[in-house]
Amino acid sequence: MDNKYQPNIIEPKWQKYWQDNNYYQAADNSTKPKFYCLDMFPYPSANGLHVGHPEGYTATDIFSRYKRMGGFNVLHPMGWDAFGLPAENYAIKTGVDPDTSTHNNIKNFTRQIKALGFSYDWSREIDTSSPEYYCWTQWIFLQMYQHGLAYRKKAHVNWCASCQTVLANEQVVNGACERCKNPVMQKDLEQWFFRITDYADKLLADLDSIDWPEPIKLMQRNWIGKSVGINIDYDLENSDQHITVFTTRPDTNFGATFVVLAPDSKFVQTNLKLFPNYTATASYIEQTVKKTELERISEGKKKTGVFTGSYVINKLNNKRLPVYISDFVLASVGTGAVVGVPGHDVRDFEFAQAMGIEVIRVVVGKDGDTATISKREQVQEEQGTMINSDFLNGLDIHVATEKIMDYLEKQGWGKRVTNYKIRDWLISRQRYWGAPIPIVYDPQGNAHPIKEEHLPLLLPTDVDYRPKGTSPLGSSKSYKDLAEKLYGAGWHFEVDTMDTFVCSSWYYLRYCDPHNAKQFADPEKLKQWLPVDMYVGGAEHAVLHLLYARFFHKALQDFGFIPKAVGREPFKALRNQGMILGEDHQKMSKSRGNVVNPDAIVQDFGADTMRLYEMFMGPFEETKPWDPQSIKGMRRFLEKIWNVYQSVKTDNASNTVDLALHQTIKKVTEDIEQFKFNTAISQLMICLNSYAEQPKLQEAQLKIYLQLIYPFAPHLAEELREQKHWSENLFQDWPKYDETKLVNVSYLMVIQVNGKVRDKIELSASEVDNEQIIKDKALASNKVQQYISGKEIVKVIVVPKKLVSIVIK
RNA sequence: GCCGACGUGGUGAAAUUGGUAUACACGCUAGCUUUAGGAGCUAGUCCCGCAAGGGAUGAGGGUUCGAGUCCCUCCGUCGGCACCA
């Protein structure tokens, strides 16, 4: 047996073979049922592939190969989320343009991914930074604009004075810029938004229809943040104005003692001069608006505020409520105004304490407490019975809430409303390396969509990337000239680019028809492939990409570009891979020096070992540490398979492995379906151990095992198949288990006395379903007799094929 | 602070979903093999005990004939949100 397992030779050989024969191309017209199996496409960073990437990619590869063997026409594509800030920062530092560096990175990623033998359909590769792709990103923007879902408004944005640029919310860490650690300030800028809030209710409701991990659904639900309540109008004394507050707890309204407005709320902005204490009010507003994010956070929940000098009337009891302004109230939540009930809201209580406002109890506290509320711990929220509240007295707060809402609506003092926490999606970025926003301004500054025939609006190359507080595109002469040439003197293009999440919100659609120059995708092809049947990636996109893509799907479907027949959701099933930690159980990072390079693993052990190892580490969705020792064990397993196939004699005589083999077919099939790859592999090891003990095996047994191992270790399986001169069609079928072969010759049953194992009895297959025989045998056992003799048997429980439990007194 | 996930040998973990806890690996120990190293093969490996037996799934309590699994309280680790009215 000098034929050794040499992955470094066989793996490149089969990778070339698959590529040369277009082995994994998805067929656009096929009679087979379709299966769309998708990875979250990577950002091609300069660091190359991280060991976390192959974890997800191996899982989808196993799944894709398994589904192909199961008779499906599988779409399994790969591409590049190529726009992004790191390439631009690299350009600022080195002068290498982002296009060049990004495409070098893509080459490296492609090489690394191909070396792992994944069955991607490379003919569908896409690159979001190519004009062929972002042409359609821009086209979709125009559709959003024409349907009223893209709009421009002045907004507070996160501004880093040191980097001279705005930052996305995700780039603000504890109030500081994630790159330079300087405090982030608020700045008002004209920005483009997508009206995702129009879809809040649908994004929430449709979550119920998809097979996603519950924690991800929950995070989306929380992010969307539906709250049902009522808007109540309070008339402002000595004025014809009224303040509208939003509350979910109108039941406590008899306990209201003040009203608070957000400093940057619309009411304050337009009615500031109505307040008697105008000077103090204006100075408070000025202070709070200047605060950095960091200052706000470091102040914690300490309450500050100012009395405006104005009062409103609570029509329920004609009480005068003083009106305050405080930055604990947020302009963007509800109406930007709050009615303060300090007895039953901790924040209101803290504010009342700080301002010296009275506290009224309207809900009975813990242990029947009806005393005056003077301590934070007495503030009763969320449950209880009403008191001091006129017609609500004695009611449970939830009943009271409904009753008073009916009353307020009937009186015309309020109106039920539903609020959502989710905000419109700010898509403008003052960056270079992204898709240009296809908007042109006339000399008066009015925005116009660019004409479709001018798409793609190409990203100019004559720009200065260096940060200077305005968008790099503003420095391009060619961009300026082009706008004037196409639209006339004094016209200019929008100089911001789109958030890269816009590009990634529709890439799964493009894979269905990646070379279409007339449409982003032919509806017929979308109809054939959508929805994505299995989507795999990290959980870090829970409320970003995964929410945005759902929004795009719904909007584009409503515009008529995605057939109704494919359903309201883009991703039918989702699975998240867990993070892979370093050997030291810490997050992998260059500074810790615990980063594992996939290239080195493939070099030292082979791609099949790498694939198997990552799947064997632990449950797919869980965080797990890298262990270099265990990789050796996986290589040993593959060598053992290899060696068994080299040395075993084949013979059609019956042997004892059929039970193990059919158990393995069953287990591996079920485990792949459930993404339990670790236990599937362990079963394959058990089966191999049983094979290795046999002097002779049937050819059929060797073939089935190869079919089972193929999705996991395709190179090894192909090589052994070829060595044995078996047909290539071997891997076009998935084996089925034979129920009759799963029957044990005998069963070992446990006998418990009062819950403790006292003996084990062996029963033949014919006896194992007969309760009477089982009971008799169990009670006849010598060991059991020692425990039960002279005792009263209360009952005997028989669990078929498993155990007998005898209860004595 | 609120929401969520998790906690099992020296390590990664398994447990047919309420039925023999520790499968499958890694590591370790001993023996064999090899000129040596690497590797390979065989046996052993939760704890206490010579044994019979007893104990053990973060801690404590409960339900049950039977609990890693279900319920309650607490502790710890990780993730998300963070004054959302």
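The values are calculated or read from the model by the stated rules, or taken from the named source; none is laboratory data. Keep in mind the model is a prediction, meaning the values are calculated, not measured. A quick note on method: Cβ atoms are made from the backbone with ideal geometry, for glycine too, and the neighbour counts reach across all protein chains shown.
With surrounded by fewer than 18 Cβ atoms within 10 Å (Cβ to Cβ), of a type in the set (D, E, K, R) and within 26 Å of A:Gln6 (Cα to Cα) as the only criterion, which of A:Glu719, A:Glu693 stands out? Talk me through it step by step, then tell me what you get.
Details: A:Glu719 fails: surrounded by fewer than 18 Cβ atoms within 10 Å (Cβ to Cβ).
Within the list A:Glu719, A:Glu693, the selection yields A:Glu693.
Answer yes or no: is there a residue in the stretch A:225-236 that is away from RNA strand B (no atom under 15 Å from the Cβ) and either in contact with a helix residue (DSSP H, G or I) (Cβ under 6 Å, 6 or more places away or on another chain) or aliphatic (A, V, I, L, M) (or both).
Among the residues of the stretch A:225-236, at least one is away from RNA strand B (no atom under 15 Å from the Cβ) and either in contact with a helix residue (DSSP H, G or I) (Cβ under 6 Å, 6 or more places away or on another chain) or aliphatic (A, V, I, L, M) (or both), which makes the answer yes.
Identify, please: which residue in the stretch A:32-63 is over 21 Å from the mean Cα position of the chain (by Cα) and not hydrophobic (A, V, I, L, M, F, W, C) and is, among those, farthest from A:Leu85 (Cα to Cα)?
Taking the candidates together, the pick is A:Lys32.
For A:Val245, only one of the following conditions fails: (1) more than 18 Å from the chain's Cα centre (by Cα); (2) under 25 Å from A:Cys503 (Cβ atoms). What is its number?
(2)
Just a yes or no: is a residue in the stretch A:572-586 out of contact with any His (no Cβ under 8 Å at 6 or more places or on another chain), away from RNA strand B (no atom under 16 Å from the Cβ), within 30 Å of A:His147 (Cβ to Cβ) and not charged (D, E, K, R)?
Taking the stretch A:572-586 as the starting set, the residues that turn out to be out of contact with any His (no Cβ under 8 Å at 6 or more places or on another chain) are A:572-586.
Filter again for away from RNA strand B (no atom under 16 Å from the Cβ), leaving A:572-573.
Add one more test, that the residue is within 30 Å of A:His147 (Cβ to Cβ), and what stays is A:572-573.
Filter once more, keeping what is not charged (D, E, K, R): A:573.
For the stretch A:572-586, residues out of contact with any His (no Cβ under 8 Å at 6 or more places or on another chain), away from RNA strand B (no atom under 16 Å from the Cβ), within 30 Å of A:His147 (Cβ to Cβ) and not charged (D, E, K, R): present.
Could you list all residues from the stretch A:338-350 that are within 20 Å of A:Tyr311 (Cβ to Cβ) and near RNA strand B (Cβ under 8 Å from one of its atoms)?
A:Val338, A:Val339, A:Val341, A:Asp348
Mind checking which strands (runs of 3 or more DSSP E) fall wholly inside the stretch A:374-476 and carry at least 1 residues that are under 30 Å from A:Lys226 (Cβ atoms)?
Working: elements: A:414-420, A:439-441, A:447-449.
Output list reads A:414-420.
Tell me which residues, restricted to the stretch A:396-410, are over 15 Å from A:Ile232 (Cα atoms), of a type in the set (Val, Ile, Thr) and crowded, with 21+ Cβ neighbours inside 10 Å. Steps first, answer last, please.
Start the filter on the stretch A:396-410 by keeping residues that are over 15 Å from A:Ile232 (Cα atoms), which leaves A:396-400.
Imposing the further condition that a residue be of a type in the set (Val, Ile, Thr) reduces the set to A:397, A:399.
Passing the criteria: only A:Ile397.
Just wondering, is there one or more residues in the stretch A:140-152 that are among the small types (Gly, Ala, Ser), under 29 Å from A:Arg431 (Cα atoms), away from RNA strand B (no atom under 16 Å from the Cβ) and free of Cβ contacts under 8 Å to residues at least 40 places away in the same chain? Spell out how you get there, then give the answer.
Let us first name the residues in the stretch A:140-152 that are among the small types (Gly, Ala, Ser), namely A:148, A:150.
From what's left, under 29 Å from A:Arg431 (Cα atoms): A:148, A:150.
From the residues that got through so far, the ones that are away from RNA strand B (no atom under 16 Å from the Cβ) too are A:148, A:150.
Filter once more, keeping what is free of Cβ contacts under 8 Å to residues at least 40 places away in the same chain: none.
Within the stretch A:140-152, none of the residues are among the small types (Gly, Ala, Ser), under 29 Å from A:Arg431 (Cα atoms), away from RNA strand B (no atom under 16 Å from the Cβ) and free of Cβ contacts under 8 Å to residues at least 40 places away in the same chain.
Which of the residues that make up the stretch A:354-373 are touching a residue at least 24 places away in the same chain (Cβ under 8 Å) and either small (Gly, Ala, Ser) or not in a loop (DSSP other than H, G, I, E, B) (or both)? Step through it out loud before you land on a result.
Start the filter on the stretch A:354-373 by keeping residues that are touching a residue at least 24 places away in the same chain (Cβ under 8 Å), which leaves A:354-355, A:357-363, A:373.
Listed by number, the residues that qualify are A:Ala354, A:Met355, A:Val363.
From A:Phe41, A:Phe35, grab the single residue that is at pLDDT 95 or above and in a loop (DSSP other than H, G, I, E, B). Lay out the reasoning, then the answer.
Values: A:Phe35 fails: in a loop (DSSP other than H, G, I, E, B).
One residue alone meets the criteria, A:Phe41.
Return yes when A:Glu569 is of a type in the set (Asp, Glu), under 28 Å from the mean Cα position of the chain (by Cα) and surrounded by fewer than 14 Cβ atoms within 10 Å (Cβ to Cβ) and no when it is not.
Working: of a type in the set (Asp, Glu): yes; under 28 Å from the mean Cα position of the chain (by Cα): yes; surrounded by fewer than 14 Cβ atoms within 10 Å (Cβ to Cβ): no.
When the stated conditions are applied, A:Glu569 does not pass them.
Return the pair list, or none, for Cβ contacts closer than 7 Å from residues in the stretch A:633-646 that are of a type in the set (Ser, Thr, Tyr) to residues that are more than 8 Å from RNA strand B (Cβ to nearest atom), at least 6 apart or on different chains.
Every condition considered, the pairs that remain are A:Tyr645/A:Leu702; A:Tyr645/A:Leu720.
Select, from A:Thr308, A:Thr335, A:Thr288, the only residue that is within 29 Å of A:Ile404 (Cα to Cα) and within 13 Å of RNA strand B (Cβ to nearest atom).
Details: A:Thr308 fails: within 13 Å of RNA strand B (Cβ to nearest atom); A:Thr288 fails: within 29 Å of A:Ile404 (Cα to Cα).
Within the list A:Thr308, A:Thr335, A:Thr288, the selection yields A:Thr335.
Would you pick out the residues in the stretch A:104-157 that are of a type in the set (Phe, Trp, Tyr) and outside any helix (DSSP H, G or I)? Quick ask: steps written out before the conclusion?
Of the stretch A:104-157, the ones of a type in the set (Phe, Trp, Tyr) are A:109, A:118, A:120, A:122, A:133-134, A:136, A:139, A:141, A:145, A:151.
Scanning the stretch A:104-157 gives A:Phe118, A:Tyr120, A:Tyr151.
List pairs: first residue in the stretch A:200-215 and within 23 Å of A:Val417 (Cα to Cα), second residue β-branched (Val, Ile, Thr) and surrounded by 13 or more Cβ atoms within 10 Å (Cβ to Cβ) anywhere in the structure, Cβ distance under 7 angstrom, at least six positions apart or on different chains.
Partner pairs satisfying both residue conditions: A:Ala200/A:Ile224; A:Ala200/A:Ile422; A:Leu203/A:Ile224; A:Leu204/A:Ile224.
Against the condition in contact with an Asp or Glu (Cβ under 9 Å, 6 or more places away or on another chain) and either at pLDDT below 95 or farther than 20 Å from A:Met78 by Cβ (or both), how does A:Gly148 come out, does it pass? Spell out how you get there, then give the answer.
Working: in contact with an Asp or Glu (Cβ under 9 Å, 6 or more places away or on another chain): yes; either at pLDDT below 95 or farther than 20 Å from A:Met78 by Cβ (or both): yes.
Considered against the rule, which asks whether it is in contact with an Asp or Glu (Cβ under 9 Å, 6 or more places away or on another chain) and either at pLDDT below 95 or farther than 20 Å from A:Met78 by Cβ (or both), A:Gly148 comes out as yes.
Conditions: (1) in contact with a Gly (Cβ under 6 Å, 6 or more places away or on another chain); (2) within 12 Å of RNA strand B (Cβ to nearest atom); (3) not hydroxyl-bearing (Ser, Thr, Tyr). A:Ala607 meets all but one. Number of the miss?
Here A:Ala607 meets the rest and fails (2).
Would you say A:Glu621 is touching a strand residue (DSSP E or B) at 6+ places or on another chain (Cβ under 8 Å) and of a type outside the set (Ser, Thr, Tyr)?
Values: touching a strand residue (DSSP E or B) at 6+ places or on another chain (Cβ under 8 Å): yes; of a type outside the set (Ser, Thr, Tyr): yes.
Yes.
Is it the case, given these coordinates, that A:Ile243 is within 30 Å of A:Gln186 (Cα to Cα), assigned to a strand (DSSP E or B) and more than 11 Å from RNA strand B (Cβ to nearest atom)? Steps first, please.
Values: within 30 Å of A:Gln186 (Cα to Cα): yes; assigned to a strand (DSSP E or B): yes; more than 11 Å from RNA strand B (Cβ to nearest atom): yes.
Taking the combined requirement at face value, the residue satisfies it.
Scanning for something closer than 30 Å to A:Ile404 by Cα and surrounded by fewer than 14 Cβ atoms within 10 Å (Cβ to Cβ), does the stretch A:201-215 turn up at least one residue?
yes
Which one of the conditions (1) crowded, with 16+ Cβ neighbours inside 10 Å; (2) within 16 Å of RNA strand B (Cβ to nearest atom) does A:Arg195 fail to meet, given that it meets all the rest?
Exception for A:Arg195: condition (2).
I'm trying to understand the selection: among the residues of the stretch A:752-809, which are part of a helix (DSSP H, G or I) and within 10 Å of RNA strand B (Cβ to nearest atom)?
In the first step, residues of the stretch A:752-809 are kept if they are part of a helix (DSSP H, G or I); the result is A:771-780, A:782-788.
Selection gives A:Lys783, A:Gln786, A:Tyr787.
Give just the number: which of (1) touching a His at 6+ places or on another chain (Cβ under 9 Å); (2) in contact (Cβ under 8 Å) with a residue 60 or more places away in the chain does A:Glu739 not satisfy?
Going through (1) touching a His at 6+ places or on another chain (Cβ under 9 Å); (2) in contact (Cβ under 8 Å) with a residue 60 or more places away in the chain one by one, A:Glu739 breaks only (2).
Name every residue in the stretch A:723-751 that is part of a helix (DSSP H, G or I) and either of a type in the set (A, V, I, L, M) or touching a Cys at 6+ places or on another chain (Cβ under 6 Å) (or both), in order of residue number. Walk me through it before giving the result.
First, pick out the residues of the stretch A:723-751 that are part of a helix (DSSP H, G or I): A:723, A:728-732, A:739-742.
Of everything in the stretch A:723-751, those that are part of a helix (DSSP H, G or I) and either of a type in the set (A, V, I, L, M) or touching a Cys at 6+ places or on another chain (Cβ under 6 Å) (or both) turn out to be A:Leu730, A:Leu742.
Within the stretch A:687-728, how many residues turn out to be of a type in the set (S, T, N, Q), more than 16 Å from RNA strand B (Cβ to nearest atom) and more than 19 Å from A:Gly117 (Cα to Cα)?
Total meeting the criteria: 4.
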